[in-house]
1. Anything in the stretch 43-53 that is in a loop (DSSP other than H, G, I, E, B) and either crowded, with 16+ Cβ neighbours inside 10 Å or touching a strand residue (DSSP E or B) at 6+ places or on another chain (Cβ under 6 Å) (or both)? List them, or say none.
2. Yes or no: residue 168 over 18 Å from residue 61 (Cα atoms), exposed (fewer than 14 other Cβ atoms within 10 Å of the Cβ) and at pLDDT 90 or above?
3. Only one of these conditions is not met by residue 16: (1) modelled with pLDDT of 65 or more; (2) farther than 14 Å from residue 159 by Cβ; (3) not in a helix (DSSP H, G or I). Which number is it?
4. Considering only residues that are at pLDDT below 75 and surrounded by 18 or more Cβ atoms within 10 Å (Cβ to Cβ), which ones fall in the stretch 65-98?
5. Among the candidates 40, 56, which residue alone is at pLDDT 90 or above, part of a helix (DSSP H, G or I) and touching a helix residue (DSSP H, G or I) at 6+ places or on another chain (Cβ under 9 Å)?
């Protein structure tokens, strides 16, 4: 009997915590306002002007207990057939941790050429996408990439796309 009550309370707690995290996700995602016409124009630009298969680094919320995209960049695979990083974080896969750590290094210091080189060469990331609606929890700041010699802004209409300048791969 005690065991049954314990299991019930534990299950209720798990459901409550899951619902709480999902609500935080919805708030961070801005689910009703994450994509604007400017973002769809950026997707059109990606489809017509970017012919290589380099991946897009998208904005992430790293201030909450889950890793989620925070702007319209999460829709790139659906509207452009291009891949994004960090897409789905599989916590059982060491690669997920590696790419997330590289993302955080570049977010902290956009001049970190070693992290950029690893993203470019090992993970095939060639672009950084900023959606038109900025989230308060974005880890990477667009202003830090402007004027940085490692990046070239190739699109800006509210949504922005930066190209990572070619890195010398070993």
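1. Passing the criteria: only 50.
2. Spelling it out, it is not the case that residue 168 is over 18 Å from residue 61 (Cα atoms), exposed (fewer than 14 other Cβ atoms within 10 Å of the Cβ) and at pLDDT 90 or above.
3. Among (1) modelled with pLDDT of 65 or more; (2) farther than 14 Å from residue 159 by Cβ; (3) not in a helix (DSSP H, G or I), residue 16 violates only (3).
4. Within the stretch 65-98, 68, 69, 70 meet the criteria.
5. Answer to the selection: 40.
The values are calculated or read from the model by the stated rules, or taken from the named source; none is laboratory data. Treat the numbers as computed from the prediction; the structure is a model and nothing was measured. Note: ideal-geometry Cβ built from the backbone for every residue, glycine included; neighbour counts use all protein chains shown.
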